[in-house]
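The values are calculated or read from the model by the stated rules, or taken from the named source; none is laboratory data. This one's a predicted model, so the numbers in the text were calculated from it and none came from an experiment. Note that each Cβ is placed from the backbone with ideal geometry, even for glycine, and that neighbours are counted across all protein chains shown.
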Amino acid sequence: MGARSELRQQLRTRRRLRVMTLVTLSVVVLGLLPLFFGIRSTTRDPVFNSLDALSVPAWADKDVDDRSSGSRWCFIDCRFRERTAQSERPFEETNQAYSAALRSAGWKVRGGECTDQPTTEGKYTCWTRDEFTLDLWVRLPECAVDAVAAQNPATVPSTGPDGVVPTTDPAKCVGSTVSIKVQNAVTDVRGKPAPPVDPSLIGETPDPVLTNDPLLEPTPSAS
């Protein structure tokens, strides 16, 4: 009887330890995960968070690369954000998917020209929302651009680490490349009239004054 009661006591102790371990792990996981995502959302750029929330299909949001420069609070320079993504489908279909997602998120198309870059291949549009402006450029995939450049004799193709020019099978070069650039509207001067010039800062050019200053006369030559 004593051995049985001792065994039962050991089983109860082990059962309590298991329960306490599971409860502790549950508290840690449920507590740390929200804390982690909360800290991440507050420290990460909210503009990139809004781009993450765009309802674009998964096939149009591959290999995302985010870059930024400047101050988030416009200290000295306002922040400039740029995102590059790869799409598995042609740029026409990809542009429609991103345009629909931007409209659903409250972005509106800006009128007039919005870029000085050549856009012979692809679709370039400008958008605005709140205090931001957004440039969307959906174009041919990078492998297709490299193939076109390789056919130009004036273009020197880039070589790989082994000195061999990288080539891409045309059958595998499909899809499109997406570029998104976001900046603060106050720093985006495109389409805005030039600021007026203060008349008080403009001087008058004086008329030339002719004098009998001997320094202005040629020096006589020695006889």
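List of remarks:
- Scanning region 51-99 for residues that are of a type in the set (A, V, I, L, M, F, W, C) and touching a residue at least 24 places away in the same chain (Cβ under 8 Å) yields L51, A53, L54, V56, W59, A60, C74, C78, F80, A85, F91, A97.
- Of all the numbered requirements in (1) assigned to a loop (DSSP other than H, G, I, E, B); (2) at pLDDT 65 or above; (3) over 22 Å from S50 (Cβ atoms), A144 misses one, and that requirement is (1).
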